[in-house]
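Reviewing the structure listed below.
The values are calculated or read from the model by the stated rules, or taken from the named source; none is laboratory data. Computed from a predicted model, the values in this text were never measured in an experiment. Counting neighbours? That spans all protein chains shown, and the Cβs are built from the backbone with ideal geometry, glycine included. Only protein heavy atoms, including side chains, enter the accessible area calculation; ligands, DNA and RNA are left aside. Shrake-Rupley method; radii C 1.70, N 1.55, O 1.52, S 1.80 Å.
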Amino acid sequence: MTDMTGLDLTRKLIAFDTINPPGDELDCATFLAELLESAGFQITLHDWKRRRPNLIATLPATEAPVRDALVYSGHLDTVPLGQADWSVDPFAGEIREGRLYGRGTSDMKSGVAACVMAGLALAREPVRRAEVRLILSAGEETGCEGVLALADRPGLLGTCDALIVAEPTDNRPFVGHKGALWVQLVHKGVTAHGSMPEKGVNAIFGACKSIEALRGFDFGVTPHPVMGGPSLNVGNMIAGLNVNSVPDRAQVGIDIRSTVGQTNAQIKAQLAKLLGDEVQIVPMTDMDHVYTDPDTPWIQEVFSTVRDVTGTDPAVGTASYFTDASVLKPAMGNPATLIMGPGAMAMAHQTDEYCETALIDPCTEVFTRLGRAHIA
């Protein structure tokens, strides 16, 4: 596979069906483990669940390290195909007019391919004064479950100086992303016959009271100049079993996106104070925001490298979605963190998902140059 390109590798990865649920990342992870091991990487397969490993591949330094590791990160699982029919085989890696089609092309097997290709290039460097590590996770699409399991195992992740997460950004170098706090607000009542509602306590009324309290809720934080302000969306309400009974349970699902200047723990405390003890707050997804000051020397090096490779002057930006960096950054010593990948942000989770083929090699080149500078 010495002549393999990033496009070739992306197509190979698409052929593995890693739709989550159920996930089943084992065959894809094993393929990558064998490829990296043959290049000199030391392999750890962390069996998070049956046939759902996290892959940690470590390229040792050849000389006494002068700095901590550089880490590349990506996830191997993809979302389901959806209800709409695809016009292409989602696992065939078909190329049309400069676009590579398939589930996971953008989110994020092209990004994984860019990480792996950069790692293979760095393995050919005769002198390495820092370790290079790839963390390829399972279960990201359902709340970063794979890396959460890694973080619970002391010593598996280690620390690093810099972290690259290759999620889809159209090759724009992002310095962070908003946090995500998804919770269910559970309201309990007392059931009664629908003709005698005064005998019961209607949980829907309690839910409506909570929804009204959340309308226009002020988080008390100033919008960040790059990441912006927090947001809150009431996404669903589930209540009642039949029309002629007073509902004794109602739950409201809310999606909060947090920003710089707040933590999800603070937000949960705000919700508890606002809604009162009678409302049970049940977290579903709890990922804090990620942000690295763009004036950080390594981020400035990233911008310079992107400028040299792509010929464009990158603007400072952040992603709206959350990534494994929410877990990895605090678990690995709070390194400077870049979110960048060749995938198209607008195509993530879409029917007929595609990636622009012309973006894969430039992304690989950026990752490789950053790696060479780090290990020099």
Legend entry - Amide H within-cut-off set for residue 201, under 5 Å, with H built and near neighbours excluded: 190, 191
Inset, instruction - Would you please calculate the Kirkwood hydrodynamic radius of segment 95-186 over all C-alpha pairs and express it in Å, rounded to one decimal? - result: 16.1
Legend entry - FRET efficiency for residue 215 and residue 67, using Cβ-Cβ distance with R0 set to 41 Å, rounded to 0.05: 0.25
Legend entry - When the convex hull of its Cα atoms is projected in every direction, mean area for segment 230-376 (nm²): 13.1
Inset, instruction - For a quick protection proxy, order the peptides 339-346, 25-32, 272-279 by their average other-Cβ count within 10 Å, most packed first. - result: 339-346, 25-32, 272-279
Inset, instruction - Before rounding to the nearest 500, sum -39500 (n - 2.57) across all DSSP H runs of length at least 4 in the chain and divide by the residue total; then give [θ] at 222 nm in deg cm²/dmol. - result: -8500 deg cm²/dmol
Legend entry - Separation between Cα centres of segment 202-247 and segment 259-293, rounded to whole Å: 13
Inset, instruction - Give the whole-number value, in cubic angstrom per residue, of the convex hull volume spanned by the C-alpha atoms of the chain. - result: 151
Legend entry - DSSP bridge pairs, the chain: antiparallel proportion in percent, nearest 5: 75
Inset, instruction - For an R0 of 45 angstrom, estimate the FRET efficiency from the Cβ-Cβ distance between residue 3 and residue 255 and round to the nearest 0.05. - result: 0.50
Inset, instruction - Provide the per residue accessible area, probe 1.4 Å, for the chain, rounded to a whole number of square angstrom. - result: 43
Inset, instruction - Indicate, rounded to the nearest 5 percent, the antiparallel portion of the DSSP beta bridges found entirely in segment 25-143. - result: 70
Inset, instruction - Using only alpha carbon pairs under 8 Å that are at least six residues apart, calculate the relative contact order of the chain and give it in whole percent. - result: 25
Inset, instruction - Of the DSSP beta bridges with both residues in segment 169-326, give the percent that are antiparallel, rounding to the nearest 5. - result: 95
Legend entry - Fraction of accessible area attributable to carbon and sulfur, the chain (%, probe 1.4 Å): 51
Inset, instruction - Can you tell me the FRET efficiency between residue 313 and residue 282 if r is taken as the Cβ-Cβ distance and R0 is 56 Å, rounded to the nearest 0.05? - result: 0.80
Inset, instruction - Kindly write out, for segment 148-155 in residue order, the coupling ³J(HN,Hα) from the Karplus curve 6.51 cos²θ - 1.76 cosθ + 1.60 (θ = phi - 60°), rounded to whole Hz, with x marking Gly and Pro. - result: 4, 5, 5, 5, 7, 10, x, x
Inset, instruction - For segment 131-274, report the convex hull volume of the alpha-carbon atoms normalised per residue, in Å³, without decimals. - result: 173
